Structures are given as C-alpha cells and as structure tokens.
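**Q** Encoded as structure tokens, here's the structure I'll be asking about.
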Amino acid sequence: MATLRSSFLPVAWLAAAALLTGCASGPRPPAPPAAGTTPAPATAAAPVRVKVFVAAMFEIGQNTGDRAGEFQHWYERYWKNATPVRVPGAIAPVYCNADGVCGAVLGMGKVNSSASMQAILLNPAFDFSKAYYMITGVAGTPPSRGTIGDVSWGSWLVDYDLGHRWAPEENTPGAPTFMPRKGYEEYRRFQLNPALLGWALQLSAGTPLKDSDSARTYRLRYPDPRARQAPSVGQGTHMTGDTFFHGPGMSQQAQYIAKLYGADDYVITEMEAAAITLVIKRLHGTDRVMSLRGAVNFDQGNPRETTLQHLDPAPGETAGGFAETVDNIARVGERVVDHIVAHWPQWEAGVPPR
C-alpha cells in the first residue's frame, strides 16, 4: 500500500491542525465562555492509536543511507519523513506514520529491550490498547533446521536462561546439564497466538527472498540437507538467551529445553523476544504478539572446525548474507503489517478467522 509508506503526519502537526477553523484568513480567536460558566481546561494532544508496533533491537549507523541493521529497512518503508518521539526510559525514539504503524529500536539483550518496551508502552503519547506487535531482528539457527537467509515466525518463545546449569564434567557423560527452576512456569515460555501465526504464514509464504553468493558457498561447508537449501519462510520455537551460545552441545541443550517445556522444535536463537513479550503480557496480553527473525549464522560450526574456530573465523570466512537477510525480514513482515492496516475494521477487535 502506497499510503503506508508515504503518508506521514507528525503528531504535533495534527494537534496544531485541529485548532484551525479552515477559513482562508487563519484561525479565529476562541469565543468567550457563556456567562456563569467555567472555561474547560486545555486538553493535550490525543495519543497515537497504534495499530502495529515494529520492534527492532539495533541499528548499525543511521536510520537510512548507510549499511542497514535491523531497523533501517522498516524505517525506510514506513517512517522516512516521520518526526521522532523521545520517550524517557527508552533507548531510542519512537516513529509513527499516519496509518498507525509505529516502531523503534529497543536495544540488545533481555534487560535492555524489555526496559525500552515498558517505557514506550507506559508513555501517554501512545494508545496501545488495540495494537499488534512484531518483534524483529537477526538470529542464529541450527543447521539441521534452518539456513542462512531463512525468515522464521515464532510459534513459541522460550527463555534459555531460567534454570540451573553445571559443567558437563560434573555430570553423567552425555546427560543434560540443565534443570528448570521452580517458580518461573508462567514466564519461561509463551505460546504465541496460533491464529495470528497462521495469518502471518499465509500472508508471507510466497515472499521472494534474497540470497547471496557468499551464503551459498558457506552453506556447502555443512552436510545437513536443511543447511544447504535456499532461504525460505518457516516457523518454530525462538529461544531467548542473553548468552550467544554456540556449538552442538549448547544447540542440543536448547532443543532439550524446548521439548522439556512442550514447545515446538527450536529453530531460532535470539536475545530478546521472551522478555519483551512478558512486558506486553502484563499490560495487554500476548494474543497480538508476533516474533519474526532472520538467520544470519549457524549456532555451531561445521564438522571440520571447532566451536572456537566457528566463533573466531579468519577474515573472509564468515557466513555472509547479512544484508540480504535483514532485507528479507522486512519483506516478509511488511506483508503482514500492510494487511492488518489495510483491513483494520476486521482486525481492530482481534485476530479475525481465516
């Protein structure tokens, strides 16, 4: 929709326009109050009624015109001429367009991102009572279940960190080194709304995804058939952890935790979604939350390299495909954003039947 990407009316301008009478000679002075009445107090500008909020975690440089991070493609599609709204407690400004699509960079990691999200949700400049949320960013994937450039919708969000861990050598060889901690049952995992997930998959399934020669070459280092495939749109559990875990052992542990909690297969490792969702849940519930991630690396090395070699590659030995993946994320996500806004009467009260 052209209106979603090119129609921008800053909130301050709208407030000022509301005071004009529309006559050519300019605004008229307010009429004096009737005798015996008390003038009504001045009212603040109405809050922005948010329809969709897009949350990215970082940007590399500027919001436009340079190398793109997680936010730039969204910014260029929806907010290039929007006025930034500064929110105390948030790491970066919020941008909104006239169609009710808003977004911001929240910061990396669970504490950083959730603190920003809470500050934005509680700010009176915005009305989130009917908003949908799209938590976006880059991520890793196990080579058995994904590849570089993939875009994944989260079916479950699982917190990787809420439990007890110990060194492998202090346990029976091969046994799990993780045990959940009691008391975290209500916020260590979230199943996202299956009806909303179904809509997201339906709307974005045919999105043409970009790929790169460097990513194609890098995939051939892995024997897994899934790792060697071209990028596609899929779904699965997104594992939220502040630790950049790597290696087949940690990947197996992530899959073990997902299954322990009754979630789907672990397909994405990221750092924020479960924490952000908890904040949203406490204020508005989770029925309108989406998690959208693009894979820019594998969560382990290939069979011919150690985990340390995978973590510290030589120059020119990285996965490639980052620029293409951040573009893919926005290409997939905008199909859902645009549909919700274009059909707002059907979506305003909740996820409609398909």
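The values are calculated or read from the model by the stated rules, or taken from the named source; none is laboratory data. Values in this document were obtained by computation on a predicted structure and should not be read as measured data. Please note: Cβ atoms are built from the backbone with ideal geometry, for glycine as well, and neighbour counts cover all protein chains shown. Ligands, DNA and RNA are stripped out before the accessible areas are found, and what is left, the full protein with its side chains, is counted by its heavy atoms. Shrake-Rupley method; radii C 1.70, N 1.55, O 1.52, S 1.80 Å.
**Q** I want the local charge near Ala323. Using Cβ-Cβ distances under 10 Å, sum +1 for each Lys or Arg and -1 for each Asp or Glu among the other residues. List each step's numbers first, then the result.
**A** On the way: positive: Arg67, Lys210; negative: Glu324, Asp327.
In short, 0.
**Q** Show which lysines lie in cross-link reach of Lys51 when reach means a straight Cα distance below 25 angstrom and same-chain residues fewer than eight apart are skipped.
**A** Lys80, Lys110, Lys130, Lys281
**Q** Roughly what would the spin-label model give for Lys259 and Ala342, points 7 Å off Cα along C-beta, in nm?
**A** About 4.2 nm, to one decimal.
**Q** OK, next. Report the equivalent ellipsoid semi-axes for the stretch 279-354 in whole Å, largest first, defined as the square roots of five times the eigenvalues of the gyration tensor built from alpha carbon atoms.
**A** 39, 16, 9
**Q** How high is the relative contact order of the chain? Use alpha-carbon pairs under 8 Å, at least six apart in sequence, and give a whole percent. The partial results should precede the final answer.
**A** On the way: 694 pairs, mean separation 80.4, N = 354.
Result for the chain is 23 percent.
**Q** Next up: Taking Cα atoms of the chain, Rg/Rh with Kirkwood Rh, to two decimals?
**A** Numbers: Rg = 22.9 Å, Rh = 21.8 Å.
My calculation of the ratio gives 1.05.
**Q** A further question on this structure: Between Ala46 and Ala195, what is the FRET efficiency for a Förster distance of 41 Å, r being their Cβ-Cβ separation, to the nearest 0.05? If you can, show how the numbers build up before the last one.
**A** Numbers: r = 30 Å, r/R0 = 0.74.
Taking R0 as 41 Å, the efficiency between Ala46 and Ala195 is 0.85.
**Q** Semi-axes of the stretch 155-303's equivalent ellipsoid from the Cα gyration tensor, sqrt of 5 times each eigenvalue, largest first, rounded to whole Å?
**A** Values: eigenvalues 134, 119, 25 Å².
Semi-axis lengths for the stretch 155-303 are 26, 24, 11 Å.
**Q** Please list Trp74, Trp199 from largest to smallest accessible area, probe radius 1.4 Å, with all protein chains kept in place. Walk me through the intermediate numbers first.
**A** Numbers: Trp74 0, Trp199 30 Å².
Result of the area sort, largest leading: Trp199, Trp74.
**Q** So how far, in whole Å, is the C-alpha centre of the stretch 276-311 from the one of the stretch 109-166?
**A** What the calculation gives is 8 Å, centre to centre.
**Q** Which of the lysines could a cross-linker span from Lys259 if the Cα-Cα distance has to be under 20 Å and same-chain partners fewer than 8 positions apart are dropped?
**A** Candidates past the 8-residue exclusion: Lys182.
**Q** Then there's this: Compute the accessible area per residue over the stretch 52-156, keeping the other protein chains in place, probe 1.4 Å, unit Å².
**A** Working: 3320 Å² over 105 residues.
Solvent-accessible surface per residue comes out at 32 Å².
**Q** Let me ask another. What is the percent carbon and sulfur in the accessible area of the chain, measuring with a 1.4 Å probe over the protein chains and ignoring ligands? Please list the in-between numbers first.
**A** On the way: 9330 of 16760 Å².
Within the chain, the accessible surface is 56 percent carbon and sulfur.
**Q** Just for the chain, what percent of DSSP beta bridges are antiparallel, to the closest 5?
**A** Values: 14 of 46 bridges.
In the chain, DSSP labels about 30 percent of beta bridges as antiparallel.
**Q** Moving on. Place a label point 7 angstrom from the Cα of Lys182 along the Cα-to-Cβ direction, then list the residues of the stretch 255-287 whose backbone nitrogen is under 16 Å away.
**A** Answer for the stretch 255-287: none.
**Q** Return one number: the angle in degrees, 0 to 90 and rounded to the nearest 10, between the long axis of the Cα atoms of helix 110-122 and the longest principal axis of the Cα atoms of the chain.
**A** 20 degrees
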